[in-house]
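A.B. asks: Sending over a structure as C-alpha coordinates; questions will come in a sec.
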(Lines give C-alpha, C1' and ligand atoms only; values in the text may rest on other atoms or scores of the structure.)
Protein backbone atom coordinates (compact mmCIF):
# COMPACT_ATOMS: atom_id res chain seq x y z
CA UNK A 1 0.00 0.00 0.00
CA UNK A 2 1.34 3.39 -1.00
CA UNK A 3 -0.67 6.51 -1.84
CA UNK A 4 0.80 9.70 -3.28
CA UNK A 5 -1.28 12.89 -3.19
CA UNK A 6 -0.48 16.03 -5.19
CA UNK A 7 -2.39 19.25 -4.60
CA UNK A 8 -2.53 22.49 -2.68
CA UNK A 9 -1.91 23.14 0.99
CA UNK A 10 -3.38 26.53 1.77
CA UNK A 11 -5.05 28.95 4.11
CA UNK A 12 -8.68 29.86 3.51
CA UNK A 13 -10.96 32.63 4.66
CA UNK A 14 -14.51 31.27 4.99
CA UNK A 15 -17.91 32.86 5.48
CA UNK A 16 -21.05 30.72 5.64
CA UNK A 17 -24.49 31.30 7.18
CA UNK A 18 -23.10 29.59 10.28
CA UNK A 19 -20.08 31.74 10.94
CA UNK A 20 -16.77 33.16 9.77
CA UNK A 21 -13.20 31.92 9.81
CA UNK A 22 -10.69 34.57 8.81
CA UNK A 23 -7.79 32.16 8.33
CA UNK A 24 -8.11 28.39 8.49
CA UNK A 25 -6.13 25.47 7.11
CA UNK A 26 -7.25 24.42 3.62
CA UNK A 27 -6.09 23.15 0.25
CA UNK A 28 -6.99 20.11 -1.83
CA UNK A 29 -4.02 18.00 -0.69
CA UNK A 30 -4.86 18.73 2.95
CA UNK A 31 -8.42 17.45 2.62
CA UNK A 32 -7.47 14.48 0.42
CA UNK A 33 -4.60 13.47 2.68
CA UNK A 34 -6.54 13.69 5.93
CA UNK A 35 -9.49 11.79 4.50
CA UNK A 36 -7.36 9.01 3.04
CA UNK A 37 -5.31 8.69 6.23
CA UNK A 38 -8.25 7.06 8.03
CA UNK A 39 -8.35 4.27 5.48
CA UNK A 40 -4.73 3.67 4.46
CA UNK A 41 -1.24 4.46 5.71
CA UNK A 42 1.04 6.10 4.93
CA UNK A 43 -0.12 8.92 2.67
CA UNK A 44 2.66 10.81 0.88
CA UNK A 45 1.88 14.48 0.24
CA UNK A 46 3.56 16.74 -2.33
CA UNK A 47 2.76 20.46 -2.24
CA UNK A 48 4.24 23.87 -1.48
CA UNK A 49 3.72 26.47 1.26
CA UNK A 50 5.37 29.70 2.32
CA UNK A 51 7.37 30.29 5.47
CA UNK A 52 4.22 31.71 7.06
CA UNK A 53 2.80 28.19 7.23
CA UNK A 54 2.47 27.05 10.83
CA UNK A 55 4.55 24.12 12.06
CA UNK A 56 1.58 22.96 14.13
CA UNK A 57 -0.27 22.16 10.91
CA UNK A 58 2.65 20.12 9.59
CA UNK A 59 2.78 18.28 12.91
CA UNK A 60 -0.96 17.57 12.69
CA UNK A 61 -0.57 16.06 9.22
CA UNK A 62 2.31 13.90 10.41
CA UNK A 63 0.25 12.65 13.37
CA UNK A 64 -2.26 11.39 10.81
CA UNK A 65 0.52 9.52 8.97
CA UNK A 66 0.43 12.06 6.16
CA UNK A 67 4.11 12.24 5.31
CA UNK A 68 5.34 15.71 4.43
CA UNK A 69 8.81 15.07 2.98
CA UNK A 70 7.39 16.38 -0.29
CA UNK A 71 5.97 19.57 1.25
CA UNK A 72 8.28 22.35 0.08
CA UNK A 73 8.56 25.46 2.26
CA UNK A 74 9.55 28.53 0.22
CA UNK A 75 11.53 31.05 2.20
CA UNK A 76 10.30 34.62 1.97
CA UNK A 77 7.05 33.56 0.31
CA UNK A 78 3.44 33.36 1.47
CA UNK A 79 1.14 30.33 1.38
CA UNK A 80 -1.67 30.16 -1.20
CA UNK A 81 -4.77 31.92 0.16
CA UNK A 82 -8.42 31.75 -0.95
CA UNK A 83 -11.41 33.51 0.57
CA UNK A 84 -15.03 32.73 -0.20
CA UNK A 85 -18.58 33.46 0.96
CA UNK A 86 -21.33 30.84 0.74
CA UNK A 87 -24.95 31.72 0.02
CA UNK A 88 -27.86 30.51 2.15
CA UNK A 89 -28.39 27.38 0.01
CA UNK A 90 -24.72 26.38 0.66
CA UNK A 91 -24.50 25.22 -2.97
CA UNK A 92 -23.26 28.49 -4.43
CA UNK A 93 -20.47 30.78 -3.33
CA UNK A 94 -18.62 33.94 -4.26
CA UNK A 95 -14.83 34.09 -4.38
CA UNK A 96 -13.77 37.21 -2.51
CA UNK A 97 -10.00 36.89 -2.74
CA UNK A 98 -7.39 34.62 -4.35
CA UNK A 99 -3.69 35.04 -3.65
CA UNK A 100 -1.62 32.49 -5.60
CA UNK A 101 1.61 33.36 -3.74
CA UNK A 102 3.82 30.20 -3.77
CA UNK A 103 1.64 28.51 -6.40
CA UNK A 104 3.05 30.90 -9.01
CA UNK A 105 6.39 29.10 -8.61
CA UNK A 106 5.21 25.59 -7.81
CA UNK A 107 7.44 22.92 -9.34
CA UNK A 108 6.52 19.71 -7.48
CA UNK A 109 9.34 17.42 -6.47
CA UNK A 110 8.35 13.85 -5.62
CA UNK A 111 10.60 12.42 -2.86
CA UNK A 112 12.26 9.08 -3.53
CA UNK A 113 10.22 7.50 -0.74
CA UNK A 114 7.01 8.12 -2.73
CA UNK A 115 8.07 7.47 -6.31
CA UNK A 116 7.00 3.82 -6.35
CA UNK A 117 3.45 4.52 -5.19
CA UNK A 118 0.62 2.11 -5.94
CA UNK A 119 -2.02 4.86 -6.21
CA UNK A 120 -1.52 8.43 -7.43
CA UNK A 121 -4.12 11.10 -6.65
CA UNK A 122 -3.68 14.26 -8.70
CA UNK A 123 -5.59 17.06 -7.01
CA UNK A 124 -6.95 20.00 -8.99
CA UNK A 125 -3.94 21.80 -10.48
CA UNK A 126 -2.67 23.08 -13.83
CA UNK A 127 -2.50 20.00 -16.12
CA UNK A 128 1.15 20.70 -16.94
CA UNK A 129 2.01 20.42 -13.24
CA UNK A 130 0.05 17.17 -12.98
CA UNK A 131 1.98 15.85 -15.99
CA UNK A 132 5.33 16.81 -14.44
CA UNK A 133 4.48 14.60 -11.45
CA UNK A 134 3.62 11.60 -13.63
CA UNK A 135 6.88 12.04 -15.52
CA UNK A 136 8.89 11.89 -12.27
CA UNK A 137 7.67 8.38 -11.44
CA UNK A 138 9.92 5.52 -12.62
CA UNK A 139 6.97 3.16 -13.11
CA UNK A 140 3.31 3.83 -13.72
CA UNK A 141 1.18 3.51 -10.56
CA UNK A 142 -1.43 0.78 -10.50
CA UNK A 143 -4.13 3.46 -10.33
CA UNK A 144 -4.03 7.13 -11.36
CA UNK A 145 -6.94 9.35 -10.27
CA UNK A 146 -7.24 12.97 -11.37
CA UNK A 147 -9.40 15.96 -10.48
CA UNK A 148 -9.76 18.99 -12.74
CA UNK A 149 -11.98 22.05 -13.20
CA UNK A 150 -13.58 24.35 -15.73
CA UNK A 151 -10.62 26.78 -15.67
CA UNK A 152 -8.30 24.17 -17.20
CA UNK A 153 -10.99 22.92 -19.58
CA UNK A 154 -11.30 26.48 -20.92
CA UNK A 155 -7.71 27.72 -20.78
CA UNK A 156 -5.45 24.68 -21.25
CA UNK A 157 -7.50 22.20 -23.31
CA UNK A 158 -4.55 20.65 -25.16
CA UNK A 159 -2.54 20.01 -21.99
CA UNK A 160 -5.66 18.61 -20.33
CA UNK A 161 -6.31 16.21 -23.23
CA UNK A 162 -2.72 14.93 -22.99
CA UNK A 163 -3.13 14.42 -19.26
CA UNK A 164 -6.41 12.54 -19.67
CA UNK A 165 -4.59 9.85 -21.64
CA UNK A 166 -2.47 9.16 -18.56
CA UNK A 167 -5.23 8.59 -16.00
CA UNK A 168 -7.55 5.75 -15.01
CA UNK A 169 -10.20 7.75 -13.13
CA UNK A 170 -11.36 11.34 -13.65
CA UNK A 171 -13.50 13.22 -11.12
CA UNK A 172 -15.57 16.22 -12.25
CA UNK A 173 -18.96 17.77 -11.58
CA UNK A 174 -21.94 17.91 -13.96
CA UNK A 175 -21.07 21.28 -15.46
CA UNK A 176 -17.44 20.29 -16.06
CA UNK A 177 -18.44 16.98 -17.64
CA UNK A 178 -20.75 18.75 -20.10
CA UNK A 179 -18.11 21.38 -20.86
CA UNK A 180 -15.35 18.83 -21.42
CA UNK A 181 -17.44 16.46 -23.55
CA UNK A 182 -19.66 18.89 -25.41
CA UNK A 183 -22.60 16.63 -24.49
CA UNK A 184 -25.55 17.76 -22.39
CA UNK A 185 -26.78 14.27 -21.51
CA UNK A 186 -24.58 12.90 -18.72
CA UNK A 187 -24.56 9.31 -20.02
CA UNK A 188 -23.32 10.53 -23.40
CA UNK A 189 -20.89 12.89 -21.67
CA UNK A 190 -19.43 9.96 -19.70
CA UNK A 191 -18.95 7.93 -22.88
CA UNK A 192 -17.22 10.83 -24.61
CA UNK A 193 -14.89 11.49 -21.68
CA UNK A 194 -13.98 7.82 -21.27
CA UNK A 195 -13.05 7.80 -24.97
CA UNK A 196 -10.46 10.47 -24.13
CA UNK A 197 -8.53 8.09 -21.86
CA UNK A 198 -9.99 7.54 -18.38
CA UNK A 199 -11.62 4.12 -18.00
CA UNK A 200 -13.73 5.42 -15.11
CA UNK A 201 -15.57 8.71 -14.61
CA UNK A 202 -16.88 9.98 -11.28
CA UNK A 203 -19.53 12.68 -11.52
CA UNK A 204 -19.77 14.61 -8.26
CA UNK A 205 -23.26 15.98 -7.65
CA UNK A 206 -22.79 17.58 -4.23
CA UNK A 207 -25.79 17.11 -1.95
CA UNK A 208 -27.29 14.82 -4.60
CA UNK A 209 -24.55 12.19 -4.36
CA UNK A 210 -22.22 10.90 -7.06
CA UNK A 211 -22.32 8.72 -10.18
CA UNK A 212 -19.66 6.19 -11.13
CA UNK A 213 -19.42 5.37 -14.84
CA UNK A 214 -17.40 2.32 -15.84
CA UNK A 215 -16.60 0.08 -18.80
CA UNK A 216 -19.48 -1.12 -20.96
CA UNK A 217 -21.71 1.68 -19.65
CA UNK A 218 -21.80 0.31 -16.10
CA UNK A 219 -23.27 2.88 -13.73
CA UNK A 220 -23.36 3.02 -9.93
CA UNK A 221 -24.91 5.71 -7.74
CA UNK A 222 -23.81 6.69 -4.24
CA UNK A 223 -26.23 8.99 -2.40
CA UNK A 224 -25.32 11.86 -0.13
CA UNK A 225 -26.43 11.36 3.46
CA UNK A 226 -29.10 13.87 4.55
CA UNK A 227 -27.56 15.81 7.45
CA UNK A 228 -29.18 18.04 10.02
CA UNK A 229 -26.14 20.31 10.30
CA UNK A 230 -24.17 21.39 7.23
CA UNK A 231 -21.74 24.07 8.41
CA UNK A 232 -19.22 24.44 5.56
CA UNK A 233 -18.99 22.53 2.26
CA UNK A 234 -15.43 23.67 1.55
CA UNK A 235 -13.21 20.70 0.77
CA UNK A 236 -16.05 18.18 0.58
CA UNK A 237 -15.13 17.18 -2.98
CA UNK A 238 -11.48 16.67 -2.06
CA UNK A 239 -12.45 14.76 1.08
CA UNK A 240 -14.65 12.60 -1.17
CA UNK A 241 -11.66 11.89 -3.43
CA UNK A 242 -9.51 11.07 -0.40
CA UNK A 243 -12.01 8.50 0.83
CA UNK A 244 -12.16 6.93 -2.63
CA UNK A 245 -8.40 6.55 -3.16
CA UNK A 246 -7.77 5.73 0.49
CA UNK A 247 -10.12 2.77 0.35
CA UNK A 248 -8.78 1.49 -2.98
CA UNK A 249 -5.19 1.74 -1.78
CA UNK A 250 -6.08 -0.13 1.42
CA UNK A 251 -7.56 -3.11 -0.44
CA UNK A 252 -5.33 -3.12 -3.52
CA UNK A 253 -8.32 -4.02 -5.68
CA UNK A 254 -9.11 -1.62 -8.52
CA UNK A 255 -12.03 -3.48 -10.11
CA UNK A 256 -15.32 -1.72 -10.79
CA UNK A 257 -16.96 -3.59 -7.91
CA UNK A 258 -14.22 -2.39 -5.57
CA UNK A 259 -14.70 1.15 -6.86
CA UNK A 260 -18.39 0.93 -5.95
CA UNK A 261 -17.37 0.26 -2.36
CA UNK A 262 -14.79 3.00 -2.63
CA UNK A 263 -17.46 5.45 -3.72
CA UNK A 264 -19.48 4.65 -0.59
CA UNK A 265 -16.44 5.35 1.59
CA UNK A 266 -15.88 8.55 -0.38
CA UNK A 267 -19.42 9.69 0.39
CA UNK A 268 -18.99 8.66 4.02
CA UNK A 269 -15.86 10.76 4.50
CA UNK A 270 -17.34 13.78 2.70
CA UNK A 271 -20.37 13.67 5.00
CA UNK A 272 -18.09 14.33 7.98
CA UNK A 273 -16.24 17.18 6.30
CA UNK A 274 -19.28 19.44 5.92
CA UNK A 275 -20.15 19.23 9.62
CA UNK A 276 -17.50 21.77 10.66
CA UNK A 277 -15.43 24.61 9.25
CA UNK A 278 -12.54 23.70 6.97
CA UNK A 279 -10.90 20.38 7.88
CA UNK A 280 -11.71 20.69 11.60
CA UNK A 281 -13.99 17.65 11.62
CA UNK A 282 -11.43 15.58 9.71
CA UNK A 283 -8.81 16.00 12.42
CA UNK A 284 -10.46 13.93 15.15
CA UNK A 285 -12.48 11.12 13.58
CA UNK A 286 -12.51 7.63 15.06
CA UNK A 287 -12.80 4.23 13.41
CA UNK A 288 -16.06 3.68 15.28
CA UNK A 289 -17.52 6.92 13.94
CA UNK A 290 -16.54 6.04 10.38
CA UNK A 291 -17.92 2.52 10.73
CA UNK A 292 -21.24 3.84 12.10
CA UNK A 293 -21.57 6.46 9.37
CA UNK A 294 -20.79 3.87 6.69
CA UNK A 295 -23.60 1.74 8.15
CA UNK A 296 -25.95 4.74 7.88
CA UNK A 297 -25.19 4.86 4.16
CA UNK A 298 -25.81 1.15 3.77
CA UNK A 299 -29.19 1.55 5.50
CA UNK A 300 -30.02 4.49 3.23
CA UNK A 301 -29.81 2.41 0.04
CA UNK A 302 -30.93 -0.97 1.40
CA UNK A 303 -34.07 -2.41 -0.18
CA UNK A 304 -35.84 -5.37 1.38
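The values are calculated or read from the model by the stated rules, or taken from the named source; none is laboratory data. In this text, all values refer to a predicted model and were calculated from it rather than measured experimentally. Counting neighbours? That spans all protein chains shown, and the Cβs are built from the backbone with ideal geometry, glycine included.
A.B. asks: Look through 25, 14, 39 and report the one residue that is out of contact with any helix residue (DSSP H, G or I) (no Cβ under 8 Å at 6 or more places or on another chain) and either buried (at least 19 other Cβ atoms within 10 Å of the Cβ) or under 18 Å from residue 272 (Cβ atoms) (or both).
C.D. replies: It is 14.
A.B. asks: Follow-up. Mind counting the residues in the range 250-294 that are part of a helix (DSSP H, G or I) and more than 30 Å from residue 24 (Cβ to Cβ)?
C.D. replies: Residues that pass the stated criteria total 7.
A.B. asks: Residue by residue through the range 200-213, note down the ones that are within 25 Å of residue 91 (Cβ to Cβ) and either modelled with pLDDT of 95 or more or not in a helix (DSSP H, G or I) (or both).
C.D. replies: Once the filter is applied, which keeps residues that are within 25 Å of residue 91 (Cβ to Cβ) and either modelled with pLDDT of 95 or more or not in a helix (DSSP H, G or I) (or both), the range 200-213 yields 201, 202, 203, 204, 205, 209, 210, 211, 212, 213.
A.B. asks: If you don't mind, there's one more thing I want to ask. May I ask you to list the residues in the range 5-25 that are within 12 Å of the chain's Cα centre (by Cα) and in a strand (DSSP E or B)?
C.D. replies: If the condition is that a residue be within 12 Å of the chain's Cα centre (by Cα) and in a strand (DSSP E or B), then 5, 6 are the ones that fit.
A.B. asks: Residues that are modelled with pLDDT of 95 or more, within 28 Å of residue 262 (Cβ to Cβ) and within 20 Å of the chain's Cα centre (by Cα), at least 3 per element: which strands (runs of 3 or more DSSP E) completely within the range 40-141 meet that?
C.D. replies: Answer list for the range 40-141: 43-50, 66-74, 119-122.
A.B. asks: Considering each of 252, 182, 197, 242 in turn, give the residue that is at positive phi, surrounded by 15 or more Cβ atoms within 10 Å (Cβ to Cβ) and modelled with pLDDT of 95 or more.
C.D. replies: Testing whether each residue is at positive phi, surrounded by 15 or more Cβ atoms within 10 Å (Cβ to Cβ) and modelled with pLDDT of 95 or more leaves just 197.
A.B. asks: Test of understanding: among 154, 158, 135, 175, which residue is out of contact with any strand residue (DSSP E or B) (no Cβ under 9 Å at 6 or more places or on another chain), farther than 30 Å from residue 20 by Cα and in contact (Cβ under 8 Å) with a residue 24 or more places away in the chain?
C.D. replies: 154
A.B. asks: Now a separate question. Looking at the range 150-163, which of its residues are under 17 Å from residue 7 (Cα atoms) and surrounded by 15 or more Cβ atoms within 10 Å (Cβ to Cβ)?
C.D. replies: Within the range 150-163, 152, 160, 163 qualify.
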